[in-house]
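To start, the structure itself, in structure tokens.
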Amino acid sequence: MVIEGKELSKIYGSGENRVVALDKASLIITPGDLISIMGPSGSGKSTLLHLLSGLDRPTSGTLTYDGKDIYSLSDKELSAFRRRRVGFIFQQFHLLPVLTARENIIMPLLLDKRQPDEGYLEHLTELLGISDRLSHLPHELSGGQQQRVAIARALITKPDVIFADEPTGNLDSKSGGEVMELLKTVGEDTGKALVVITHDSRVAAMARRRFTIVDGVLSEVTEG
Ligand code: ADP
Ligand code: MG
């Protein structure tokens, strides 16, 4: 799956309230890519992530997944597309408090009326070190464990790409480092492309391709 965003712009408001949240961002994501996008608060990171994942539509610009124009889909088609092809990881984990870890992980499949592949579930939870926590409720887990449950939930549908918005933002630096290592391992293990937004330079440095974003302008960091 090759994802190509071309000159994506997002403008909010008009007149005095006009904000150019994203200014002609272009980016190609190929299978197995591990990409970090770093920038200060308000620089347009989440806006870019929402556009690349089809959570939102741009003011101008195009987005294709294997040549298919994603924004030409209806809202209904777009949400089905996201549910099947895209995985999300958020800073706040967004686990449902009344569901166990296992129930949280398989929720995206249930929403799509699909049953979990038990072998894959077992593989993922072992890889993430949470196999013995599956019957726990979120509040019975540490922050790092909750984020690992959220990672398994993002992967259970076998998406083509995972987008993570500040996945280590609510964790201390030790569990943040562990979660990032796990994300890398999972990316390598499954061959998925992984796009991680962060304002932590140590997290950003773990990616193979690094981008920065300042005032809505995206640029790739090249070595040397
Ligand atoms: P980041 O994730 O890097 O902190 P965002 O992408 O959330 O930044 O926001 C980029 C800019 O766009 C900010 O100036 C923010 O205030 C503005 N913005 C984001 N969402 C909206 C919205 N729904 N309406 C108006 N302005 C917005
Ligand atoms: Mg943000």
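The values are calculated or read from the model by the stated rules, or taken from the named source; none is laboratory data. Note that the coordinates shown come from a computational prediction; the quantities given were computed from them, not determined experimentally. Glycine also receives a Cβ, built like all others from the backbone with ideal geometry; neighbour counts cover every protein chain displayed. The area values use the complete protein model at the heavy-atom level, side chains included, leaving out ligands, DNA and RNA. Shrake-Rupley method; radii C 1.70, N 1.55, O 1.52, S 1.80 Å.
Taken as a whole, segment 32-47 holds at least one residue that is within 20 Å of Ser201 (Cα to Cα), open to solvent by 20 Å² or more (accessible area, probe 1.4 Å) and away from ligand 2 (no atom under 15 Å from the Cβ).
Put simply, of Thr47, Thr64 the only residue that is part of a strand (DSSP E or B) and on the phi < 0 side of the Ramachandran plot is Thr64. Among the residues of segment 56-72, is there at least one that is within 29 Å of Gln145 (Cβ to Cβ), surrounded by fewer than 16 Cβ atoms within 10 Å (Cβ to Cβ) and either β-branched (Val, Ile, Thr) or within 16 Å of ligand 2 (Cβ to nearest atom) (or both)? So far as segment 56-72 goes, no, none of its residues is within 29 Å of Gln145 (Cβ to Cβ), surrounded by fewer than 16 Cβ atoms within 10 Å (Cβ to Cβ) and either β-branched (Val, Ile, Thr) or within 16 Å of ligand 2 (Cβ to nearest atom) (or both). Among the conditions (1) open to solvent by 50 Å² or more (accessible area, probe 1.4 Å); (2) more than 20 Å from Gly32 (Cα to Cα); (3) in contact with a Pro (Cβ under 9 Å, 6 or more places away or on another chain); (4) touching a residue at least 60 places away in the same chain (Cβ under 8 Å), the only one that Arg85 does not satisfy is (2). Checking each residue in segment 9-19 for being within 16 Å of ligand 2 (Cβ to nearest atom) and touching a residue at least 24 places away in the same chain (Cβ under 8 Å) picks out only Lys10. Answer yes or no: is there a residue in segment 165-172 that is open to solvent by less than 10 Å² (accessible area, probe 1.4 Å) and either farther than 19 Å from Pro40 by Cα or small (Gly, Ala, Ser) (or both). There is no residue in segment 165-172 that is open to solvent by less than 10 Å² (accessible area, probe 1.4 Å) and either farther than 19 Å from Pro40 by Cα or small (Gly, Ala, Ser) (or both).
Residues that are under 21 Å from Leu155 (Cα atoms), open to solvent by less than 60 Å² (accessible area, probe 1.4 Å) and either part of a strand (DSSP E or B) or hydroxyl-bearing (Ser, Thr, Tyr) (or both) do not occur anywhere in segment 8-19. Does Gly191 meet the test of being within 27 Å of Phe81 (Cβ to Cβ), in contact (Cβ under 8 Å) with a residue 40 or more places away in the chain and within 16 Å of ligand 1 (Cβ to nearest atom)? So Gly191 does not fit the description; no.
Answer yes or no: is there a residue in segment 32-40 that is within 20 Å of Asp75 (Cβ to Cβ) and β-branched (Val, Ile, Thr). No.
Can you tell me which residue within segment 183-199, out of those that are of a type outside the set (Lys, Arg) and open to solvent by 30 Å² or more (accessible area, probe 1.4 Å), is nearest to ligand 2 (Cβ to nearest atom)? The residue in question is His199. Against the criterion of being within 30 Å of Ala21 (Cα to Cα), touching a Leu at 6+ places or on another chain (Cβ under 9 Å) and small (Gly, Ala, Ser), Gly67 does not qualify.
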